[in-house]
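A.B. asks: This is the structure, below, for whatever I ask next.
The values are calculated or read from the model by the stated rules, or taken from the named source; none is laboratory data. Please read all numbers here as calculations on a predicted model, not as lab measurements. When we count neighbours, we look across all protein chains shown, and the Cβ atoms used for this are built from the backbone with ideal geometry, even at glycine.
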Amino acid sequence: MLPEAPTRTHCPYCAFQCGMLMSSAGIEADADFPVNRGQMCVKGFSAGALLAHPGRLTTPMVRGRDGRLASASWEAALDHVAERLLALRAAHGPAALAAFGSGALTNEKAYLLGKFVRLALGSPHVDYNGRYCMSSAAAGQNRAFGVDRGLPFPVADLARTKTLLLWGANSLDTMPPLAQWLAEQQGQGELIVVDPRRSETARRADLHLQLTPGTDLLLANGLLHLAIDERLIDAGYIASRTVGFEAVRRAVMEVHPAHVERLTGIAIDDQLRAVRRLAVEESSMLLSGRGPEQQVKGADTVLAFTNLMLALGKVGRPFSGYGCLTGQGNGQGGREHGQKADQLPGYRSIEDAADRAAVAKVWGVDPAQLPGKGKSAVELLDSSGEAGGVRALLVMGSNLAVAAPDARRVARKLAALELLVVCDAFENETAEAAHVVLPTLQWAEEEGTMTNLEGRVILRARAAEPPPGPRSDLAILCELARRLGRADGFGFSSAAEVFDELRRATAGARADYSGITHARIRREQGVFWPCPSADHPGTPRLFADRFAFPDGRARFHVVRHRPAGETPDADYPLYFTTGRYKEHYNSGAQTRRVAVLAQARPEPRVHIHPRLAGRLGVADGARLLVESRRGAATLSVEVTADVRPDTLFAPFHWGGQGCANLLTNPALDPVSRMPEFKLCAVRARPAPEGGRS
Ligand SMILES: Nc1nc2c(c(=O)[nH]1)N[C@H]1C(S)=C(S)[C@@H](COP(=O)(O)OP(=O)(O)OC[C@H]3O[C@@H](n4cnc5c(=O)[nH]c(N)nc54)[C@H](O)[C@@H]3O)O[C@H]1N2
Ligand SMILES: Nc1nc2c(c(=O)[nH]1)N[C@H]1C(S)=C(S)[C@@H](COP(=O)(O)OP(=O)(O)OC[C@H]3O[C@@H](n4cnc5c(=O)[nH]c(N)nc54)[C@H](O)[C@@H]3O)O[C@H]1N2
Ligand code: SF4
Ligand SMILES: [Mo]
């Protein structure tokens, strides 16, 4: 049920968190919200279809002895979950219980999920799908700058930078309203895009560097080499604001431009043009997307970017610096408030005594009661079915069966769980494997705060009447905690109450929200963290004077190119990379159910260069069987010169035979534990007759 008068809220999908007005007349873009300024993409405009969707889950479902999911009352379903959790804990200890959260969750939900796992389950194991998304960028920024806020400046600053380099981000499809800021930027400066594919965004660029997949780190080191050769670096800045340059200088001087040209495929002239543009006097920015980050060397690649921008003296200067374009709706806040295996709210560390003490005090427990660090997402799931591994998993806001790497293995791991509980508004592919499915409210039906890609904390207001049946994730966690004998600390009756506790738990921490209130968010169109007190203005721009290390200086790190987890060879001669369509969102659990989006993009297609298509003997629309060492997918062919002749591309928004993650490599970055979604080796041939997706 939608209100008659328009209500201001925000989109359910990506980190741009467009402001929208909802009313019974439909959804309109909010012209006053300063990030999207009256624009939205087709996903946001059509999001209302999710609320009244006939396929929506309305009652809890419990799998019976006959193996089928059948409707159950809330009482019965919650009792059943609690009994099973208690029994598994008694038999195998608390570490057999775990939860898997999401960057789609509000700050309040992410916070409460972390608290639930540590106190009500008593387990160290909580992680979330941001591990698949932001972990490499986060690891890099933390190590270089001492804090990780995706963009250390507002989106509006992009329009005013002289050179904007988008590295492996296809923002025109993944954040379409950003186009208005890019158009302004190109009106007075230059846009450079690094992507192995001629994406929509690359098409718009003044310079497109179409590198060999997986060679980003080498190219970034090569650019720094040229910057040093050409005397473009800023010695004064390096001396006064950073530490560790000398070792990096020595390491990158061993990286010869001709070698870089050979491996990356980027001509030295183009390397030179790019680095000269980045070094321009006034201002420049390097922003990365998932292209270079979702690799086994993603965290080091981000450090190669921060090295470059620090050496050029850009970070913290007006309209300049390094940033990453956060992906999920609350991909930023979701990585700050304790649903990560090694983390407590406010970016506190679960391994730091002072941080543990601060949070334990707010939670009213002894710090010794807080478990230690848990397993990261892929490892957590991998431990299912193994001795000492996870036996019960509560999933809130992720469709692992489609979105996690090596989907066949994921299916086996989900099947090996003794208890899989999925909280979702829809029966997604992961819910199909669940023992219990709990129907949840959707974005516009409940209030909560989100932190957008700029670090701006916003309020997603309730704009629609909740239907009878589904419940809020917050209520589900509180109800389960009570049944697990932990009512204390879980007596919340609104998101606002949870937010109040979150504010206290983050006071004095790196991501300090203590000065942020709902009233301020409404009045100020969002408040940027850190915001340590009610009279603090918030912090739209970081690093102008200092970095978040005790000495205030940024860190250089020596990072070296290394091969991908898997590279093409005689058996699997092609690169396979994955990404997104404008019309679909992530695992597609939501957008595949929206008619206009499903009609616009009914299926995944594998993009293939005309030369390769000719060699394989497939034409547009034919079906191609793509195989990796882990599995096979059958996809319909889209012949396009936008991909390299050595590379296939497919979106990952579908399950079934066309699921891109049947092919991907679960190899992990050693630091960020990010899987290598952007790169594996495959072979391809026309699908045998009858091959369908
Ligand atoms: N329409 C739409 N928008 C979305 C989403 C969505 O699913 N659909 N999801 C949201 C989320 S969660 C995220 S994380 C963001 C992601 O936003 P982006 O990072 O923009 O999205 P991707 O398409 O995953 O990857 C970007 C580009 O990386 C390129 N790439 C592949 N391999 C390499 C490589 O080796 N090096 C380099 N440099 N580039 C490479 C791909 O060709 C692709 O064009 O989008 C958000 N917005
Ligand atoms: N091959 C390949 N795989 C990838 C990627 C890639 O580029 N290539 N990208 C990775 C990235 S960046 C990401 S972010 C992941 C995303 O992939 P997933 O983790 O699967 O995330 P989504 O598809 O966004 O959402 C999953 C579910 O959350 C539900 N949901 C939304 N909001 C809420 C809420 O408030 N509460 C509850 N309980 N449920 C909610 C939705 O209905 C949906 O069913 O995929 C990763 N997988
Ligand atoms: S999906 Fe992202 S860009 Fe599109 S309307 Fe929603 S918030 Fe805006
Ligand atoms: Mo993401």
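A.B. asks: Can you list the strands (runs of 3 or more DSSP E) found entirely within the range 604-689 that contain at least 2 residues being of a type in the set (Ser, Thr, Tyr)?
C.D. replies: Working: elements: 605-608, 623-627, 632-639, 647-651, 665-668, 680-686.
Strands (runs of 3 or more DSSP E) meeting the threshold: 632-639.
A.B. asks: How about the range 521-537: which of its residues are surrounded by 19 or more Cβ atoms within 10 Å (Cβ to Cβ) and either assigned to a loop (DSSP other than H, G, I, E, B) or free of Cβ contacts under 8 Å to residues at least 60 places away in the same chain (or both)?
C.D. replies: Answer for the range 521-537, where residues must be surrounded by 19 or more Cβ atoms within 10 Å (Cβ to Cβ) and either assigned to a loop (DSSP other than H, G, I, E, B) or free of Cβ contacts under 8 Å to residues at least 60 places away in the same chain (or both): Gly526, Trp529, Pro530, Cys531.
A.B. asks: Shifting gears a bit: Residues that are touching a Ser or Thr at 6+ places or on another chain (Cβ under 9 Å) and free of Cβ contacts under 8 Å to residues at least 24 places away in the same chain: does the range 614-630 have at least one?
C.D. replies: Taking every residue of the range 614-630 in turn, at least one turns out to be touching a Ser or Thr at 6+ places or on another chain (Cβ under 9 Å) and free of Cβ contacts under 8 Å to residues at least 24 places away in the same chain.
A.B. asks: Of the residues in the range 116-137, how many are in a helix (DSSP H, G or I) and charged (D, E, K, R)?
C.D. replies: Going through the range 116-137 one residue at a time, the tally reaches 2.
A.B. asks: Taking Asp195, is it under 17 Å from Leu325 (Cβ atoms) and either β-branched (Val, Ile, Thr) or crowded, with 22+ Cβ neighbours inside 10 Å (or both)? Working first, answer last.
C.D. replies: Numbers: under 17 Å from Leu325 (Cβ atoms): yes; either β-branched (Val, Ile, Thr) or crowded, with 22+ Cβ neighbours inside 10 Å (or both): yes.
When the stated conditions are applied, Asp195 passes them.
A.B. asks: Of the conditions (1) under 20 Å from Pro176 (Cβ atoms); (2) more than 23 Å from the chain's Cα centre (by Cα), Asn586 fails just one. Which one is it?
C.D. replies: Going through the list (1) under 20 Å from Pro176 (Cβ atoms); (2) more than 23 Å from the chain's Cα centre (by Cα), Asn586 breaks only (2).
A.B. asks: Please work out which one of (1) closer than 30 Å to Ser23 by Cα; (2) more than 24 Å from the chain's Cα centre (by Cα) is the condition Ala387 fails and give its number.
C.D. replies: Every condition holds for Ala387 apart from (1).
A.B. asks: Determine if the range 138-148 includes at least one residue that is in a helix (DSSP H, G or I) and within 13 Å of ligand 1 (Cβ to nearest atom).
C.D. replies: Yes, the range 138-148 contains at least one residue that is in a helix (DSSP H, G or I) and within 13 Å of ligand 1 (Cβ to nearest atom).
A.B. asks: Further question: Looking only at the range 3-35, count how many residues are surrounded by fewer than 19 Cβ atoms within 10 Å (Cβ to Cβ) and assigned to a loop (DSSP other than H, G, I, E, B).
C.D. replies: Matching residues across the range 3-35 total 9.
A.B. asks: Determine which member of the set Pro12, Pro34, Pro54 is within 23 Å of Val437 (Cα to Cα), of a type outside the set (D, E, K, R) and out of contact with any Phe, Trp or Tyr (no Cβ under 7 Å at 6 or more places or on another chain).
C.D. replies: Pro54
A.B. asks: Within 17 Å of the chain's Cα centre (by Cα), over 25 Å from Thr591 (Cα atoms), among the polar types (S, T, N, Q) and away from ligand 3 (no atom under 16 Å from the Cβ) - does that describe any residue in the range 640-660?
C.D. replies: For the range 640-660, residues within 17 Å of the chain's Cα centre (by Cα), over 25 Å from Thr591 (Cα atoms), among the polar types (S, T, N, Q) and away from ligand 3 (no atom under 16 Å from the Cβ): absent.
A.B. asks: Has the range 8-27 got any residue that is over 22 Å from the mean Cα position of the chain (by Cα), at pLDDT 95 or above and farther than 16 Å from Arg462 by Cα?
C.D. replies: No, there is no match, as no residue in the range 8-27 is over 22 Å from the mean Cα position of the chain (by Cα), at pLDDT 95 or above and farther than 16 Å from Arg462 by Cα.
A.B. asks: Can I ask one more? When you scan the range 387-459 for strands (runs of 3 or more DSSP E) that lie fully inside it, which ones turn up with 3 or more residues that are modelled with pLDDT of 95 or more and either within 30 Å of Gly526 (Cα to Cα) or within 16 Å of ligand 4 (Cβ to nearest atom) (or both)?
C.D. replies: 448-451
A.B. asks: If I go through the range 470-520 residue by residue, how many of them are of a type in the set (A, V, I, L, M), not assigned by TED's automatic domain parsing to the domain that holds Trp74 and not in a helix (DSSP H, G or I)?
C.D. replies: 4
A.B. asks: A follow-up question, please. Among the numbered criteria (1) buried (at least 20 other Cβ atoms within 10 Å of the Cβ); (2) more than 25 Å from Arg409 (Cα to Cα); (3) among the hydrophobic types (A, V, I, L, M, F, W, C), which one does Ala650 miss?
C.D. replies: Condition (2) is where Ala650 drops out.
A.B. asks: Hey, can you tell me all the residues within the range 319-346 that are surrounded by fewer than 24 Cβ atoms within 10 Å (Cβ to Cβ) and either within 29 Å of Ser283 (Cβ to Cβ) or within 11 Å of ligand 2 (Cβ to nearest atom) (or both)?
C.D. replies: Scanning the range 319-346 gives a single hit, Phe319.
A.B. asks: Also, quick follow-up: Kindly provide the set of residues from the range 553-600 that are within 16 Å of ligand 3 (Cβ to nearest atom) and touching a strand residue (DSSP E or B) at 6+ places or on another chain (Cβ under 8 Å), ordered by number.
C.D. replies: Gly579, Arg580, Tyr581, His584, Tyr585, Asn586, Ala589
A.B. asks: Consider Gln294 carefully, then state whether it is surrounded by 22 or more Cβ atoms within 10 Å (Cβ to Cβ) and of a type in the set (S, T, N, Q).
C.D. replies: For Gln294, the condition - surrounded by 22 or more Cβ atoms within 10 Å (Cβ to Cβ) and of a type in the set (S, T, N, Q) - is met.
A.B. asks: At pLDDT 95 or above and under 19 Å from Val155 (Cβ atoms): does that describe Tyr322?
C.D. replies: It is true that Tyr322 is at pLDDT 95 or above and under 19 Å from Val155 (Cβ atoms).
A.B. asks: Something else now. Give the range 351-386 a look and list any residue that's out of contact with any Asp or Glu (no Cβ under 8 Å at 6 or more places or on another chain) and either outside any helix (DSSP H, G or I) or within 16 Å of ligand 4 (Cβ to nearest atom) (or both), or say none. Spell out the reasoning first.
C.D. replies: We begin by selecting, within the range 351-386, every residue out of contact with any Asp or Glu (no Cβ under 8 Å at 6 or more places or on another chain); these are 352-359, 361, 363, 365-371, 378-379, 381-386.
Those that are out of contact with any Asp or Glu (no Cβ under 8 Å at 6 or more places or on another chain) and either outside any helix (DSSP H, G or I) or within 16 Å of ligand 4 (Cβ to nearest atom) (or both): Asp352, Val365, Asp366, Leu370, Pro371, Val378, Ser383, Ser384, Gly385, Glu386.
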